[in-house]
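**Student:** I have a structure here, written as structure tokens, and I will follow up with some questions on it.
The values are calculated or read from the model by the stated rules, or taken from the named source; none is laboratory data. Quick caveat, the model's predicted, so the values are computed rather than measured. Every residue, glycine as well, gets a Cβ built from its backbone with ideal geometry; the counts of neighbours run over all protein chains shown.
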Amino acid sequence: MKTSEKITAPETILITGGGGYLGCRLGCTLQKMGLKVVLFDIHSPLQEVPDAVSFIKGDICNYLEVEAAFRNVDCVFHLASYGMSGREQLNVKLIEEVNVKGTDNVIKACLWNGVPRLLYTSTYNVVFGGQVIKNGDESLPYLPLHLHPDHYSRTKSLAEMKVLHANSTKLKKGTGVLRTCALRPAGIYGPGEQRHLPRIVNYIENGLFKFVYGAADCLVEFVHIDNLVSAQVLASEALTGGKNYIAAGQAYFVSDGKPVNNFEFFKPLVEGLGYKYPTIRLPLRLIYYFAFLTEIIHFFVGRIYNFQPFLTRTEVYKTGVTHYFSIQKARKDLGYDPQEHSLNEIVEWFKARGHGRKSSTYSIRHLVLDVIFLLLLLIVIMSWLPVVSA
């Protein structure tokens, strides 16, 4: 039977950094919506993805590889970045290459290939550098570049500016213009997250989570992976004519919408795995000084032994200084409606993989670690205290 209805092919979506946690989850969601999904990353996907989801191995710092991957693509989600936490924050050269040059390549490839939509996953850090922010919104100016305490935040800020500045730029292929927006997510959590949670659980299981720091009323924010994926999908739709291009040229803070003390947030994880939540609270300045000394040590010995710093200065700020933001703009423009989640699913995820306290026995290993911790703490406190002259 003949029909006059025009059959249109599904849109092709490409995700840079698609092999990572967010990239895989976003890709699977978009594929279930009937879209053709391509994951572009230097590493293969960390998680299992449907056969219908394609993977292209490529380096975002290589323009020729980016340009080739972007052909016949309708929308790009630019997630790829480097240097968010731990020792990665200290690799200045690679951070610059990935976050700035890589973003330049993405924008250039979008314009050359006529890709009409580009969504950039940014960070809270484009406006935050250690100062207290309560219920901030998108009217806040970018933090001056020289005030950023780490190169990751500085380069993410530069990249976001580039992406938003490219909005309304005429496409070199086809007709129309490039429409862009940026999402600024809080700390991401969820079962299977690979960047922060395993590191935290490692500290807990190795007896290193002995104290908390900062004020008890310090508030930060987190965003569950499902809420962030929802925001990404909604933002991509808000860059189309069907939504009057309302998100074009805009930035949006994205979180669960529930400010909480960083350490209280992880308390269910600590206790759920069978460990005792620490009662010692140390001054923020002391921990910042300790992180600073750690970074100095890493600077001198990192090429010989690239150890994982216990904390960096930026991580101290992000976990110990109040900063949270309104999500009203995302609610209004995108229709973003974050759902409630708990850490119970994460506790069960780790338990299913063999984590959790096996015995209440206090081992010799933990005793040694406790002694080392106390000695290091004593050294830092003594070096931190002002010298009293005779």
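**Student:** What are the residues in the stretch 40-63 that are surrounded by 14 or more Cβ atoms within 10 Å (Cβ to Cβ) and farther than 20 Å from Pro10 by Cβ, if any?
**Tutor:** Within the stretch 40-63, Asp41, Ile42, Pro45, Leu46, Gln47, Gly58, Asp59, Ile60, Cys61, Asn62, Tyr63 qualify.
**Student:** Looking at the stretch 300-357 only, could you name the residues that are basic (Lys, Arg), loosely packed, with under 13 Cβ neighbours inside 10 Å and in contact (Cβ under 8 Å) with a residue 60 or more places away in the chain?
**Tutor:** Arg357
**Student:** Another question, if that's okay. From the list Val73, Val66, exactly one residue is buried (at least 17 other Cβ atoms within 10 Å of the Cβ), in contact with a strand residue (DSSP E or B) (Cβ under 7 Å, 6 or more places away or on another chain) and of a type in the set (A, V, I, L, M, F, W, C). Which is it?
**Tutor:** Answer to the check: Val73.
**Student:** To continue, here is another question. Quick check on my filter: what residues within the stretch 55-112 are over 14 Å from Val163 (Cα atoms) and basic (Lys, Arg)?
**Tutor:** Scanning the stretch 55-112 gives Lys57, Arg71, Arg87, Lys93.
**Student:** Go through the stretch 160-279 and tell me which strands (runs of 3 or more DSSP E), entirely inside it, have 1 or more residues that are among the basic types (Lys, Arg) and surrounded by 16 or more Cβ atoms within 10 Å (Cβ to Cβ). Write out each step before concluding.
**Tutor:** On the way: elements: 177-185, 187-189, 211-213, 222-224, 250-254.
Of the strands (runs of 3 or more DSSP E) lying wholly inside the stretch 160-279, those with at least 1 residues that are among the basic types (Lys, Arg) and surrounded by 16 or more Cβ atoms within 10 Å (Cβ to Cβ) span 177-185.
**Student:** If you don't mind, there's one more thing I want to ask. Any idea which residue in the stretch 23-43 is farthest from Val66 (Cα to Cα), counting only those that are in a helix (DSSP H, G or I) and touching a helix residue (DSSP H, G or I) at 6+ places or on another chain (Cβ under 6 Å)? Please lay out each step first, then the result.
**Tutor:** Taking the stretch 23-43 and keeping what is in a helix (DSSP H, G or I), we get 23-32.
From what's left, touching a helix residue (DSSP H, G or I) at 6+ places or on another chain (Cβ under 6 Å): 25-26, 29.
Numbers: Arg25: 21, Leu26: 20, Thr29: 23 Å.
Among those residues, the one meeting the criterion is Thr29.
**Student:** Let me ask another. Do the conditions hold for Leu145, that is, is it under 18 Å from Phe70 (Cα atoms) and either at pLDDT 95 or above or not hydroxyl-bearing (Ser, Thr, Tyr) (or both)?
**Tutor:** So Leu145 fails the test.
**Student:** Got a sec? Which helices (runs of 4 or more DSSP H) wholly within the stretch 304-357 have at least 1 residues that are out of contact with any Asp or Glu (no Cβ under 9 Å at 6 or more places or on another chain) and more than 30 Å from Ile246 (Cα to Cα)? Don't jump to the end; show me each part of the working.
**Tutor:** Working: elements: 313-320, 328-334, 344-351.
Passing ranges, in order: 313-320, 344-351.
**Student:** Related question: Among the candidates Asn202, Asn206, single out the residue that is free of Cβ contacts under 8 Å to residues at least 40 places away in the same chain and not hydroxyl-bearing (Ser, Thr, Tyr).
**Tutor:** On the way: Asn206 fails: free of Cβ contacts under 8 Å to residues at least 40 places away in the same chain.
Unique residue meeting the criteria: Asn202.
**Student:** From (1) at pLDDT 95 or above; (2) assigned to a helix (DSSP H, G or I); (3) buried (at least 22 other Cβ atoms within 10 Å of the Cβ), pick out the condition that doesn't hold for Ser153.
**Tutor:** Only one criterion is unmet by Ser153, namely (1).
**Student:** Please state which of the following conditions Gly207 fails to meet, knowing it meets all the rest: (1) over 25 Å from Gln131 (Cα atoms); (2) modelled with pLDDT of 95 or more.
**Tutor:** Going through the list (1) over 25 Å from Gln131 (Cα atoms); (2) modelled with pLDDT of 95 or more, Gly207 breaks only (2).
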